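Notes to accompany the following structure.
The values are calculated or read from the model by the stated rules, or taken from the named source; none is laboratory data. This one's a predicted model, so the numbers in the text were calculated from it and none came from an experiment. Neighbour counts run over all protein chains shown; Cβ positions are idealised from the backbone, glycine included.
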Amino acid sequence: MSQRRKFIKKSLLGSLVAIPTISHALPRINFSAKKIDGPLILSTWNHGIPANAAAIEKFKETGSILDAVETGVKDTELDMDNLSVGLQGLPDREGITTLDASIMTGDGSCGSVAFVRQVKHPISLARAVMEKTPHVMLAGEGARQFAIAQGFPLEKEELSPKAQKAYDEWKKTSKYKPVINIENHDTIGMIGMDGQGNLAGSCTTSGLAYKMHGRVGDSPIIGAGLYVDNEVGAATATGLGESIIRICGSFLIVELMRQGRSPQEACEEAVKRLISKNRKDIDSIQAGFLAINKDGEVGAFAVQPGFNFAKATLASNDLIDSRSHF
C-alpha cells in the first residue's frame, strides 16, 4: 500500500508538471515621445484660456512644466468671478468654503490636499506635500497646520460677495442635493508636456456647491481627478466628483492609452464606464475628461454637452468644444 501511495503521488506530480502555462500578459507598447516644439498645455473649461496663458509665461521663464501647471491654475484660484475654484468659491452647507487640490509629475511624484480652509493657493500647498513630506495627501486641520508650518498665510474666513449672495439665496430652500447644471464649471484641471516629453498636471477646486461639511471630491484623489505617467500620457477630470471617483477616471484613461487607445478613444471609454456605474442619476450628472499622450495627441469627452477645454502652445491659445455622449 505504501508503494502504491508513492506511485500515485509521483504520477500526480508528473501530471501537474506536464500542464502547459498560458500567459495572458499584454504586449508592452513603446510610448517614446515625439519631440514637440515647446510646451503643450491643456486645461478644462473656458477659464483655461487665462490659466494657460499664465502657464506658458511661467514655462518661458523657468523651462519647467511642473512650474507651468502650478502657476496656471493659481491664476484661476485668484479669479473672483469663478465660483467653483479658490476661496471665492461657493461654500458647503454650513457656509464654509473648503478647497481640494492635487499635483503630479510623470515620474510618479504627487501631492494633494483636501478639505482645506483659509489657504489662498491649495495647489501650492499640494506641491509642498509632494516635495517636503513623505506623504501624498494631507487633509483638514492637518493640512492647515502644515500650511502654517510652511509659511503659507491664512486668509480671513469669509465668503466673497458673490458667494455670500448665492449662499443666502440657496438657504431659502436648502436643497440637500443641488441639481448638477451642465454649465457648472467646477474644477480646473491642467495637464502639460514639454518639448522633451516630460509631463505634469494639476487640479484645484472649491468642490460641489452646498456639499455636506467634510465632503471631498475627485480633484485631490490621485487617479480620479488627475493622473500623469511619463511612459504614456496624462489625464484630468472635471464634473461631479463622486461619479469620477467610482471609476478612477484619470487613471483609467492613462491605462487605456497604455494599451494602445488614442486619447480620444480613452476619454470616450471612460465616459461610457462612468455612465454604466451611475445610470440612475445620469441625467443630472456632468463629467468630462481631458487627455494627452506622449505623441502630443489630445482627447476630450463628456457625459453632457457644454464641456470645453483650452489648448495652448507658444504660438496659440484656443478654446475647443468637446464632444459628448448625449
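Data table
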| item | result |
| --- | --- |
| Total residues in segment 110-134, condition touching a residue at least 12 places away in the same chain (Cβ under 8 Å) and either among the acidic types (Asp, Glu) or surrounded by fewer than 17 Cβ atoms within 10 Å (Cβ to Cβ) (or both) | 3 |
| Some residue of segment 174-193 being under 29 Å from residue 230 (Cβ atoms), among the aromatic types (Phe, Trp, Tyr) and more than 18 Å from the chain's Cα centre (by Cα) | no |
| Only one of 166, 147 that is under 21 Å from residue 239 (Cα atoms) and of a type in the set (Gly, Ala, Ser) | 166 |
| Candidates 35, 74 - the one that is at pLDDT below 95 and basic (Lys, Arg) | 35 |
| Per-region count, segment 256-287, residues part of a loop (DSSP other than H, G, I, E, B), closer than 21 Å to residue 306 by Cα and of a type in the set (S, T, N, Q) | 2 |
| Qualifying residue in segment 93-103 (condition: buried (at least 19 other Cβ atoms within 10 Å of the Cβ), of a type in the set (A, V, I, L, M, F, W, C), free of Cβ contacts under 8 Å to residues at least 24 places away in the same chain and under 30 Å from residue 38 (Cβ atoms)) | no |
| Of residues in segment 300-319 being small (Gly, Ala, Ser) and assigned to a loop (DSSP other than H, G, I, E, B), the one farthest from residue 187 (Cα to Cα) | 315 |
| From 22, 96, 29, residue being modelled with pLDDT under 95, among the hydrophobic types (A, V, I, L, M, F, W, C) and in contact with a Lys or Arg (Cβ under 8 Å, 6 or more places away or on another chain) | 29 |
| Residue count for segment 205-244, restricted to those that are surrounded by fewer than 24 Cβ atoms within 10 Å (Cβ to Cβ), under 10 Å from the mean Cα position of the chain (by Cα) and not in a loop (DSSP other than H, G, I, E, B) | 1 |
| Condition met for residue 66 (more than 19 Å from residue 238 (Cα to Cα) and modelled with pLDDT under 95) | no |
| Subset of segment 227-257 (residues that are out of contact with any Phe, Trp or Tyr (no Cβ under 9 Å at 6 or more places or on another chain) and closer than 17 Å to residue 84 by Cβ) | 240, 241, 242, 243 |
| Residues that are within 14 Å of the chain's Cα centre (by Cα) and not hydrophobic (A, V, I, L, M, F, W, C), drawn from segment 109-121 | 111, 112 |
| Some residue of segment 293-300 being under 15 Å from the mean Cα position of the chain (by Cα) and within 18 Å of residue 44 (Cβ to Cβ) | yes |
| Which numbered condition residue 292 fails, given (1) of a type in the set (Val, Ile, Thr); (2) crowded, with 24+ Cβ neighbours inside 10 Å; (3) in a helix (DSSP H, G or I) | (3) |
| Candidate set: segment 260-270, residues that are within 19 Å of the chain's Cα centre (by Cα) and surrounded by fewer than 24 Cβ atoms within 10 Å (Cβ to Cβ); chosen: the one nearest to residue 247 (Cα to Cα) | 269 |
| Only one of 113, 85 that is outside any loop (DSSP other than H, G, I, E, B) and either small (Gly, Ala, Ser) or within 18 Å of residue 217 (Cα to Cα) (or both) | 113 |
| Residue in segment 52-88 that is surrounded by the fewest Cβ atoms within 10 Å (Cβ to Cβ), counting only those that are more than 15 Å from residue 204 (Cβ to Cβ) and under 19 Å from the mean Cα position of the chain (by Cα) | 67 |
| Subset tally (residues that are β-branched (Val, Ile, Thr), assigned to a loop (DSSP other than H, G, I, E, B) and in contact with a Ser or Thr (Cβ under 8 Å, 6 or more places away or on another chain)) for segment 126-168 | 1 |
